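Q: Just passing along the structure, written as structure tokens.
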Amino acid sequence: MVAEPIVTDLPAGAPPVCLADFAERARAVLPEQVWDYVAGGSGGEVTLTANRRALDRVGVLPRVLRGVEVPDLTTPLLGRRYAMPVGVAPIAYQRLVHPDGELALAAAAGAAGVPYVASTLGSVPIEEVAASGAEVWFQLYWLRDRELVRDLLARVRGAGCRALVVTVDVPVLGRRFRDLRNAFRLPPGVTAANLPNGRHDLAHGGTPGVSPVPARSGADFAPALRWADLAWLREHIDLPLVVKGVLDPRDARDAVRAGADAVVVSNHGGRQFDGAPASVTMLPEVVEAVGDRCEVFLDSGVRSGTDVLRALALGATGVLVGRPLIWALAVGGRPGAETALDLLAGELRDALALAGCADAAAARELRTVPVG
């Protein structure tokens, strides 16, 4: 049984019954520029919109008379068993939406028994996040300074992180029109806590029509990342290696050859190349390309337990969930995030039961058909 999703420090009113409820409340409490920074995508937001539409077009054929009463959600991910096939996606600067930021969301993930992926651009140092009690995977943006990369890897090991997730779809930061129109900049006190001095001199300035955030990223990120760099990383880290930002099956095969233990099929939540297909559209081809040689996760657009089921039915090992948990963090801190993850688990349990699946693994045997 899933506990009643009551969160005492959410705004007054009826308790949330789905993740969309958190989005509505978050928009009401966040500054408009912060809402736009998190909710927005690049360009005309074509890819951002496509993610949701594509997921809604995935119909799952349920099985009947399967004798399922209470499905088992537990799932092995990268050699460890978690409470469900879900991880918290890496999202930068979480103190933008709540003072506790990454500490609260990581603690909620730990309580829910799912992995928390900490961002290089987190607003809390990785050592503090890892001490929250969560199972932490660290997301790495490749930096121009190789010594900074070495330093981060040493810190990741020292903090006890369980996996390394390297993001490969940000040679440059996508042009995000909402941020440019808002001249969005980081407020005082919110910095990239994992980087020396937080690079605060670049991310906190700004002029009308210009956001300083891309300037900060451009100064730190190495745009010319190659497969040889990924091979170097494989040699220098003794953790499971995950490559995030793959859409083309050819790149998925190359990632396996470079030593990846998993790939994340992702268009960065529609925040990078506006013109890329929806992540879920490419998921079946990537799954087919890698076979059983690595795990495959879906990222971008996941908003419900039914979406998790859809991804599993299309061959994914698990999913990463981002924005809905940020909305829950914004309106309720750690309790809000815990409630959101509890709701997600309940939705997935119901979806599995309705589809005739005794456990998450059985969902991968379901058939899908286009709908709508």
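The values are calculated or read from the model by the stated rules, or taken from the named source; none is laboratory data. Here the structure is a predicted model, which is why all the values come from computation and not from measurement. Here Cβ is always computed from backbone atoms with ideal geometry, including for glycine, and neighbour counts include all displayed protein chains.
Q: When you check ALA278 against the structure, is it in contact with a Lys or Arg (Cβ under 8 Å, 6 or more places away or on another chain) and under 27 Å from LEU105 (Cβ atoms), yes or no?
A: Yes: the conditions hold for ALA278.
Q: Restricting attention to region 153-174, which residues are in contact (Cβ under 8 Å) with a residue 12 or more places away in the chain, surrounded by fewer than 22 Cβ atoms within 10 Å (Cβ to Cβ) and out of contact with any helix residue (DSSP H, G or I) (no Cβ under 8 Å at 6 or more places or on another chain)?
A: ARG157, ARG162, PRO171
Q: What are the residues in region 47-69 that are within 17 Å of VAL308 (Cβ to Cβ) and among the hydrophobic types (A, V, I, L, M, F, W, C), if any?
A: ALA54, LEU55, VAL58, VAL60, LEU61, VAL68
Q: If I filter region 297-309 for residues that are closer than 19 Å to LEU241 by Cα, among the small types (Gly, Ala, Ser) and either out of contact with any His (no Cβ under 7 Å at 6 or more places or on another chain) or modelled with pLDDT of 95 or more (or both), do I get at least one hit?
A: no
Q: Another question about this same structure. Quick check on this structure: which one of ALA26, ALA104, ALA108, ALA14 is among the aliphatic types (A, V, I, L, M) and either in contact with an Asp or Glu (Cβ under 8 Å, 6 or more places away or on another chain) or closer than 25 Å to PRO277 by Cβ (or both)?
A: After applying the criteria, what remains is ALA108.
Conditions (1) assigned to a loop (DSSP other than H, G, I, E, B); (2) without any contact (Cβ under 8 Å) to a residue 60 or more places away in the chain; (3) over 16 Å from ALA112 (Cα atoms); (4) more than 17 Å from the chain's Cα centre (by Cα), marked per residue:
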site	(1), (2), (3), (4)
VAL302	yes, no, yes, no
LEU309	no, no, yes, no
GLY315	yes, yes, yes, yes
LEU348	no, no, no, yes
ALA353	no, no, yes, yes
GLY356	yes, no, yes, yes
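Q: Looking only at region 185-208, filter to residues that are modelled with pLDDT of 75 or more and touching a Leu at 6+ places or on another chain (Cβ under 7 Å); which one of those is surrounded by the fewest Cβ atoms within 10 Å (Cβ to Cβ)?
A: VAL190
Each row is one residue, and each column tells you yes or no for (1) part of a helix (DSSP H, G or I); (2) out of contact with any Gly (no Cβ under 9 Å at 6 or more places or on another chain).
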residue	(1), (2)
ARG293	no, yes
ILE326	yes, yes
THR339	yes, no
LEU343	yes, no
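Q: Right, next: Would you confirm whether any residue within region 5-24 is touching a helix residue (DSSP H, G or I) at 6+ places or on another chain (Cβ under 6 Å), within 24 Å of VAL213 (Cβ to Cβ), modelled with pLDDT of 95 or more and not in a helix (DSSP H, G or I)?
A: Within region 5-24 (the criterion being touching a helix residue (DSSP H, G or I) at 6+ places or on another chain (Cβ under 6 Å), within 24 Å of VAL213 (Cβ to Cβ), modelled with pLDDT of 95 or more and not in a helix (DSSP H, G or I)), the answer is no, since none of the residues qualifies.
Q: Only residues that are surrounded by fewer than 19 Cβ atoms within 10 Å (Cβ to Cβ) and not in a loop (DSSP other than H, G, I, E, B): list them for region 254-270, please.
A: ASP254, VAL256, ARG257
Q: Among the residues of region 261-300 satisfying the criterion of being aliphatic (A, V, I, L, M) and under 12 Å from the mean Cα position of the chain (by Cα), which is nearest to GLY59 (Cα to Cα)?
A: Among those that are aliphatic (A, V, I, L, M) and under 12 Å from the mean Cα position of the chain (by Cα), it is LEU298.
Q: Quick test of your reading of the structure: PRO240 fulfils all but one of (1) in contact with a strand residue (DSSP E or B) (Cβ under 9 Å, 6 or more places away or on another chain); (2) buried (at least 21 other Cβ atoms within 10 Å of the Cβ); (3) of a type outside the set (S, T, N, Q); (4) within 30 Å of GLU147 (Cα to Cα). Name the failing condition by number.
A: Exception for PRO240: condition (2).
Q: Let me ask another. Going by the structure shown, is GLY372 of a type outside the set (S, T, N, Q), surrounded by fewer than 20 Cβ atoms within 10 Å (Cβ to Cβ) and modelled with pLDDT under 95?
A: So GLY372 fits the description; yes.
Q: Next up: Can you go through GLY122, GLY67, GLY43, GLY110 and tell me which one is modelled with pLDDT of 95 or more, outside any strand (DSSP E or B) and on the phi > 0 side of the Ramachandran plot?
A: GLY43
Q: Now for a separate question. Could you count how many residues in region 289-324 are among the aliphatic types (A, V, I, L, M) and under 15 Å from ALA361 (Cα atoms)?
A: Number of matching residues: 9.
Q: Let me ask another. Scan region 268-311 residue by residue and report those that are closer than 16 Å to ASN51 by Cα, of a type in the set (A, V, I, L, M) and touching a helix residue (DSSP H, G or I) at 6+ places or on another chain (Cβ under 6 Å).
A: ALA276, ALA278, VAL280, LEU298, VAL308, LEU309
Q: Note down all Cβ pairs under 6 Å where the first residue falls in region 126-152 and is part of a helix (DSSP H, G or I), the second is among the hydrophobic types (A, V, I, L, M, F, W, C) and at pLDDT below 95, and they're at least six residues apart or on different chains.
A: Close Cβ pairs satisfying both conditions: VAL149/LEU143.
Q: So the check is Cβ under 7 Å with 6+ separation or different chains; which pairs have a first residue in region 216-244 that's closer than 15 Å to THR167 by Cα and at pLDDT below 95 and a second one that's aromatic (Phe, Trp, Tyr) and buried (at least 19 other Cβ atoms within 10 Å of the Cβ)?
A: Sorted first by the residue in region 216-244, then by its partner, the pairs are PHE221/TYR141; PHE221/TRP142; ALA222/TRP142; LEU225/TRP142; ASP229/TRP142.
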